[in-house]
1. Residues that are over 15 Å from the mean Cα position of the chain (by Cα) and either in a loop (DSSP other than H, G, I, E, B) or not charged (D, E, K, R) (or both): does the range 138-145 have at least one?
2. Of all residues in the range 150-204, which are assigned to a strand (DSSP E or B) and within 14 Å of ligand 1 (Cβ to nearest atom)?
3. For the range 170-188, enumerate the residues that are over 14 Å from the mean Cα position of the chain (by Cα) and farther than 18 Å from GLY32 by Cα.
4. In contact with a Phe, Trp or Tyr (Cβ under 7 Å, 6 or more places away or on another chain) and either modelled with pLDDT under 90 or farther than 28 Å from ALA25 by Cα (or both), is that true of THR77?
5. So, GLN102, is that one loosely packed, with under 11 Cβ neighbours inside 10 Å and at pLDDT below 85 or not?
6. Which residue pairs have Cβ atoms under 6 Å apart, sit 6 or more places apart or on different chains, and have a first residue in the range 21-44 that is under 12 Å from ASN149 (Cβ atoms) and a second that is near ligand 2 (Cβ under 9 Å from one of its atoms) and of a type in the set (Phe, Trp, Tyr)?
7. From VAL22, VAL31, grab the single residue that is within 11 Å of the chain's Cα centre (by Cα) and either within 16 Å of ligand 2 (Cβ to nearest atom) or modelled with pLDDT under 95 (or both).
8. Could you list, ordered by first residue, the pairs with Cβ atoms under 7 Å in which the first is in the range 114-130 and farther than 20 Å from VAL142 by Cα and the second is assigned to a strand (DSSP E or B) and within 11 Å of ligand 1 (Cβ to nearest atom), at least 6 apart or interchain?
Amino acid sequence: MDCRISEPVVGPRSEDTLPASVTTAVKVVIVGGFGVGKTTLVGSVSEIRPLTTEETMTQASADVDDIAGVERKTETTVAMDFGRITLSDKLVLYLFGTPGQQRFWFLWNGLFEGALGAVVLIDTRRLEDSFDVMSQLEERGVPFVIAINAFPDAPAYPMAELRAAMDIPDTVPMIDCDARNRGSSRDALLSLLRYLHTLTTTPPESR
Ligand SMILES: Nc1nc2c(ncn2[C@@H]2O[C@H](COP(=O)(O)OP(=O)(O)O)[C@@H](O)[C@H]2O)c(=O)[nH]1
Ligand SMILES: [Mg+2]
């Protein structure tokens, strides 16, 4: 009689399983212009292997996506990034990175459903890329914080100057960030959570 040894059934890796103590899951969106570091941030902070959909940029999209300032970037995200970070034994964040280019805004409808807030990543060499993204978020009533991603050859402006140039209200937190660094990316997320907390505890007239 034939005896076959079957393949062992492989379960989820231990880091993929959520601790039983987790009671709150929060959806957060990472958004910003092309090449600003969204995939990098989700990748640096995620405790599960991040899902990312990247497509090698074609000549056709090279005409559409302005790559001045990010010439070394050869891939562009066509759908989204997904990752997870457990912030305490009770709280887990699900991260969705989504492209900022206008031609992908049709994706935003489903993606922002149920999202509590957003981190807008900014490259100071391309400030104008973030204007449309921020007004989209305002239109959708999605609270956001601004994270200035530190690129070595990007001009470093004082935060107050950037705030004025981008017309960002004093109440909206702005922080420096290095998307490649886990701690720094985590700080950006924590700053969003603190901001969301103040929005729920501060009456609108005193914000
Ligand atoms: N120096 C520096 N480079 C970064 C940083 N974040 C991302 N990059 C690089 O910038 C490029 C674009 O980042 P990516 O995450 O793909 O951008 P996305 O289009 O917003 O997803 C990649 O080559 C990254 O390695 C950062 O904080 N500092
Ligand atoms: Mg990307």
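1. Yes: one or more hits.
2. ILE175, ASP176, CYS177
3. Within the range 170-188, ASP170, THR171, GLY183 meet the criteria.
4. The answer is no for THR77.
5. Criteria not met by GLN102.
6. Going by the 6 Å Cβ cut-off, there are no qualifying pairs.
7. Every option except VAL31 fails the conditions.
8. Final answer for the pair search is ASP123/ASN149; THR124/ILE148.
The values are calculated or read from the model by the stated rules, or taken from the named source; none is laboratory data. Note that the coordinates shown come from a computational prediction; the quantities given were computed from them, not determined experimentally. Here the Cβ is made from the backbone with ideal geometry for all residues, glycine too, and neighbour counts use every protein chain on show.
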